[in-house]
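To start, the structure under review is shown below, and the notes come after it.
Just so it is clear, none of the values below were taken in a lab; they were calculated from the coordinates. Please read these numbers as outputs of a predicted model, since none were measured by experiment. Virtual Cβ from ideal backbone geometry, glycine too; neighbours counted across all protein chains shown.
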């Protein structure tokens with residue numbers, strides 16, 4: 001193990017790596033892992049039994065070895081359900097294309113905001129997925145909660161597939177964004193452009209909700225280690241944000257009632273010594 005660590009550090013500290021050097025280093029590390037797994041097989045054949053908490057870790061290491069060996073032999077860098085963390089094998093690399101973090105690791109979720117500004121998790125997974133596949137399910141759940149379909153759906157470009165457009169048109173739901181048809185007359189095109197601008201302004205509320213969740217309610221600071229506790233922490237973050245929204249509505253109800261009767265809200269100056 002010391003020799004394997006020494007060779008890895010010598011490779012990692014080098015400034016430049018040629019393709020040949022990378023393959024040589026990977027081959028050596030794979031041989032060390034294969035040797036250690038053979039030792040474990042021999043110990044278990046002699047009657048040694050790993051502890052209960054060691055079994056998932058051992059299975060993860062075996063799976064990781066198989067994946068790395070497959071990528072080495074086939075000269076590829078991709079494999080299905082690639083493991084990037086031994087302690088958290090459910091994490092997957094998700095390509096985001098951002099300049100600061102082109103690849104991110106963690107849960108990916110779809111968050112919807114209804115007319116009452118309450119957020120709901122429509123879909124969550126540690127695997128990379130196409131968001132457009134879950135739009136129809138989210139609309140169906142909205143109908144189950146309220147008994148009617150939404151008047152409009154404000155979505156990003158990735159959701160505006162032909163299937164989703166056809167689905168929304170069938171149910172009488174207006175989807176934000178430009179139409180696929182040819183532009184109409186000048187007045188109609190002007191009205192559509194104005195409506196599209198208004199939809200984009202309203203859709204900012206969803207982006208703002210993600211920012212508030214990350215900076216104020218801990219969505220960007222998930223420190224739990226287990227898969228279940230990570231999902232629970234994310235759900236609690238959204239739940240807490242909804243609770244604070246309810247609190248603000250309750251506290252502001254007397255002011256709205258005053259405004260409905262008298263037309264203006266009294267302004268009170270408070271001096272603190």
*Compute the acute angle (0 to 90°) between the alpha-carbon long axis of helix 227-262 and the principal axis of greatest extent of the alpha-carbon atoms of the chain; round to the nearest 10°.*
10
*With a 10 Å Cβ neighbour count serving as the proxy for reagent exposure, in which order, fewest first, do 44, 71 appear?*
44, 71
*Angle between the Cα long axis of helix 2-12 and the longest principal axis of the chain, 0 to 90 degrees, nearest 10?*
50
*Can you tell me the 0 to 90 degree angle between the C-alpha axis of helix 19-45 and the longest principal axis of the chain, rounded to 10?*
70
*asked:* Pairs of alpha-carbon atoms within less than 8 angstrom and 6+ residues apart define the contacts here; what relative contact order does segment 93-262 have, in percent?
replied: 15
_Percentage relative contact order, segment 1-141, counting C-alpha pairs under 8 Å, at least six apart_ = 13
_Cα gyration tensor shape of segment 93-262, rounded if a/c is under 1.5, else prolate or oblate by comparing a/b with b/c_ = oblate
*Roughly how large, in nm² to one decimal, is the mean projection of the convex hull of the alpha-carbon atoms in segment 2-74?*
5.9
*R0 of 30 Å, Cβ-Cβ distance residue 67-residue 15: FRET efficiency to nearest 0.05*: 0.60
*Counting DSSP beta bridges with both partners in segment 93-262, what percentage is antiparallel, nearest 5?*
80
*Does segment 38-115 come out rounded, prolate or oblate, given a ≥ b ≥ c as the square roots of the eigenvalues of its C-alpha gyration tensor, rounded meaning a/c under 1.5 and, failing that, prolate meaning a/b above b/c?*
oblate
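For segment 10-139, rounded, prolate or oblate, judged on the Cα gyration tensor with a ≥ b ≥ c (square roots of eigenvalues), a/c < 1.5 rounded, else prolate if a/b > b/c?
Numbers: a/c = 3.07, a/b = 1.62, b/c = 1.89.
Oblate is the answer for segment 10-139, as a/c is 1.5 or above yet b/c matches or exceeds a/b.
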*residue 26 versus residue 190: modelled label distance in nm, points set 7 Å from Cα along the beta carbon direction*: 6.1
*Work out the FRET efficiency for residue 7 and residue 41 from their Cβ-Cβ distance, taking R0 = 22 Å, and round it to the nearest 0.05.*
0.40
*asked:* Just want the ordering: 168, 252, from fewest to most Cβ atoms lying within 10 Å of their own Cβ.
replied: 252, 168
